[in-house]
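To start, the structure itself, in structure tokens.
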Amino acid sequence: MRFLISALTIACLTFGAQAQDKTITIASTTSTQDSGLFNHLLPAFKAKTGIDVKVIAQGTGQALDTARRGDADVVFVHAKSAEEKFLAEGFGVKRFDVMYNDFVLVGPASDPAGIKGSKDIVGSLKAVQAKAAPFVSRGDKSGTHLAELALWKDAGLDPAGAKADWYKEIGQGMGAALNTAKAMGAYVLSDRGTWISFKGKDGLIIAVEGDTKLFNQYGVMLVNPAKHPHVKADLGQAFVDYVISAEGQKVIADYKIEGQQLFFPNAGK
Amino acid sequence: MMEGSGALQLVLSGDPALYAVVRLSLVVSLSAVAVAALIGMPLGGLIALTRFPGRAGVIVLLNAFMGLPPVVVGLAVFLLLSRSGPLGAWGLLFTPTAMVMAQAVLITPIIAALTRQSVEDLWSEYRDELNAMGVGPFQRLLTLLYDARIALVTVLLAGFGRAAAEVGAVMIVGGNINGFTRVMTTAIALETSKGDLPLAMGLGLILIIIVFAMNASAWGLRLYAERRIG
Amino acid sequence: MSDLPLSFSKVSYAVGATPILRDVDLVVRAGAPTFIIGPNGSGKSTLLRFAMGLIAPTSGMIDWNGSRDPAPRRRAIVFQHPVLLRRSVAANLTYALDQAGVEKSKQDGRCAQLLELVGLLDLADRPARRLSGGERQKLAFARALARTPELLILDEPTASLDPSATLALEQLITTAAREGIKILMASHDLGQVRRLAGDIVFLHRGRILEVASAKDFFEQPRSAQASAFLRGDLITED
């Protein structure tokens, strides 16, 4: 019994200490978290404003749903059409472009579809389909997944609808998709940030990159306090203002892994 | 082995972020065990000692709930605590408190069901003596819970093992927030998804070592207590 | 509030279709120790459980000084294999004292007194479940005395004990009887019955065949079954 009471006491003390007022919750994507951008950006933001940020990293669709339910103050995601729908429903206040990176088509070093070095994503996807080469899809309504589906559509193909057996929807995050693609010798569409910081690259290569269709825009929105009155509008707005300010944009541009810049700020452009 | 040496380096490095994750895992799971014990032990004891219509059904249900899927529990607690849910005003989603709640829901049936079994076994042994002493119902419950204490330590341990090892519920209701709700299992899931398998494996080994150490010390306690209490 | 006299009227008990006791009429009054004797399976233990109020009869009724409430007031029982709590020797006693309604402030003193009486004072802090058979039985006896009983029921308490432990327990029983506690005890050790008994109740196949003073019973048993039992024969007739 004494043990129980002390355990409860420890719990109360711990959680009590962490209950701070200047804290906001951001629903964001696995790509921003897994790439390490937040570990770089948030300390700078905290130093400037004193605001703590809690990041829930989910797929874009799930992150927007989290915000719809009122469980986040700010969304920071990358699927423009889904974000505009969110705005139209009245859940967001205003959307701002923040930065972009690009997608790359990653594949096995053996390159069964013979597309290595191509700059034509549509043509390459057609080649993947023609060779029935294994392809891993996120299948989780994330920004990357939505972008992938849009690219298949541009190619006039619908492997998901056709339930092609070389097309695997795994319903998991970017890292898990890369792990799976590596294990299966499959192609997979990845954001460049996650790819660069991914630690298990051996056996995988970038097959296709540089196509303008692979452009990946990130946007930030304050969740509408009119819908969810408990949203910390002032603190959340401070974050939105910061990431689109000249200072915040520079911090984003400065984030590099192995000398490569991961995100290209383009707020207000 | 790459994984093994990575894990060892990790433990030896004394990384404060790592210790924060380990500490939160322990605090959350131990708190959940405490909450579940406060509810589950009296509940299990009560079911053991009372006869009421539908009792057999309750016992079957309780035993079945021992296998509740963590993800389902997590989802239910998530819907409850979400700002759009009935308890949304409490603002508990994505906090360690929410994680404690989810794990407590997960393991209360385990603790209640195992307590019921222990208390019922002990009651069949003690029944005549306690009745001969005129022990009333409430005192009976306390006596049996106290005298079953060695078995109940094992029951708590089973609850702790289940709570500390599960990932589904804490991921959903905690959100795996760095430095706030990230625990060992969600960190393992994250590092796996980032492709950092040695780090994930290292965290996994630490988790196993903790669970092993808890079990070993409980076993030692049990041996000691059996020698002392009989 | 007294538990004596204890009366059985037309008490029968069956488990399923098997009769254990049949039409038992018996009155237990204050006085010299009453012994329940009879072959194994004759229903001795069951009769004692009724006397204690631990089970209810299938038919007939039992009352304690006119009350049919089975809650124990001034009676206690010692089983052949007593169950001790998983606590220290002293804690087992204070538990019983507490249940008997003894004030907290008086429990320690009374506990020491009882331990002294049964010779377990040195073992007060020992875990009760680690005691030897004889020590356990003494603790169970002390625990029964903690209720300051008028009626002390003993169900073959020495059946699994060695002679010296048996002797120690018999001395405790004799002392208790001398202090006015009514002893109701089952035994199949005829030597022990001769040493301790005042009255005899002879039980055979769930029926009371004889109630007599010990002297009369041993000198001139009235039933053929009792004679056979005293001779040490196996009794086969009904």
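The values are calculated or read from the model by the stated rules, or taken from the named source; none is laboratory data. Computed from a predicted structure; not experimentally measured. No Cβ is skipped: glycine too gets one built from the backbone with ideal geometry, and neighbour counts run over all protein chains shown.
Key figures
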quantity: Residue within the range C:94-105 that is over 21 Å from the mean Cα position of the chain (by Cα), among the hydrophobic types (A, V, I, L, M, F, W, C) and more than 8 Å from chain B (Cβ to nearest Cβ) present; calculated: yes
quantity: Test: B:L106 is in a helix (DSSP H, G or I), more than 9 Å from chain A (Cβ to nearest Cβ), at pLDDT 95 or above and closer than 26 Å to B:M201 by Cα; calculated: yes
quantity: Whichever residue in the range C:56-73 is facing another protein chain (nearest Cβ under 9 Å) and surrounded by 15 or more Cβ atoms within 10 Å (Cβ to Cβ) and, among such residues, is nearest to C:L26 (Cα to Cα); calculated: C:P70
quantity: Long-range neighbours under 7 Å by Cβ, at least six apart or interchain, first residue closer than 18 Å to C:I77 by Cβ within the range C:161-175, second β-branched (V, I, T) and part of a helix (DSSP H, G or I); calculated: C:L172/C:V118
quantity: Residues of the range A:187-221 classified as part of a strand (DSSP E or B), within 15 Å of A:Y100 (Cβ to Cβ) and of a type in the set (V, I, T), total; calculated: 1
quantity: Residue within the range C:75-87 that is modelled with pLDDT under 95 and of a type in the set (G, A, S) present; calculated: no
quantity: Sole residue being in a loop (DSSP other than H, G, I, E, B), of a type in the set (V, I, T), within 21 Å of B:S29 (Cα to Cα) and within 22 Å of the chain's Cα centre (by Cα), chosen from B:I172, B:I177, B:I188, B:I208; calculated: B:I177
quantity: Scan of the range C:213-238 for residues that are closer than 28 Å to C:T18 by Cβ and not in a helix (DSSP H, G or I), ordered by number; calculated: C:P221, C:R222, C:S223, C:G232, C:D233, C:L234, C:I235, C:T236, C:E237, C:D238
quantity: Single match in A:D140, A:D97 (criterion: within 17 Å of the chain's Cα centre (by Cα) and in the same structural domain as A:G210 (by TED's automatic domain parsing)); calculated: A:D140
quantity: Close pairs from the range B:117-133: first farther than 14 Å from B:A148 by Cα, partner of a type in the set (K, R) and modelled with pLDDT of 95 or more, Cβ under 6 Å, at least 6 apart; calculated: B:L130/B:R140
quantity: In the range C:136-192, residue farthest from the other protein chains (Cβ to nearest Cβ) [restricted to those that are of a type in the set (K, R) and out of contact with any Pro (no Cβ under 7 Å at 6 or more places or on another chain)]; calculated: C:R178
quantity: Single unsatisfied condition, B:G195 versus (1) away from every other protein chain (no Cβ under 12 Å); (2) over 26 Å from A:D71 (Cβ atoms); calculated: (1)
quantity: Filter result (surrounded by fewer than 18 Cβ atoms within 10 Å (Cβ to Cβ) and of a type in the set (A, V, I, L, M)) within the range C:36-55; calculated: C:I55
quantity: Sole residue being farther than 30 Å from A:G259 by Cα and outside the structural domain of A:V240 (by TED's automatic domain parsing), chosen from A:P112, A:P108; calculated: A:P112
quantity: Complete set of residues in the range C:74-83 that are more than 8 Å from chain B (Cβ to nearest Cβ) and either surrounded by fewer than 22 Cβ atoms within 10 Å (Cβ to Cβ) or over 17 Å from the mean Cα position of the chain (by Cα) (or both); calculated: C:R74, C:Q80, C:H81
quantity: Residue in the range A:39-50 that is within 8 Å of chain B (Cβ to nearest Cβ), surrounded by fewer than 24 Cβ atoms within 10 Å (Cβ to Cβ) and within 19 Å of B:K194 (Cβ to Cβ) present; calculated: yes
quantity: Count of residues meeting criterion [small (G, A, S), touching a residue at least 12 places away in the same chain (Cβ under 8 Å) and not in a helix (DSSP H, G or I)] in the range C:77-131; calculated: 4
quantity: Test: residue in the range C:1-12 that is among the small types (G, A, S), touching a helix residue (DSSP H, G or I) at 6+ places or on another chain (Cβ under 8 Å) and within 15 Å of C:K182 (Cβ to Cβ); calculated: no
quantity: Qualifying residue in the range A:259-269 (condition: surrounded by 19 or more Cβ atoms within 10 Å (Cβ to Cβ), among the polar types (S, T, N, Q) and touching a residue at least 12 places away in the same chain (Cβ under 8 Å)); calculated: no
quantity: Counted residues, the range B:48-79 - those being part of a helix (DSSP H, G or I), more than 12 Å from chain A (Cβ to nearest Cβ) and not basic (K, R); calculated: 20
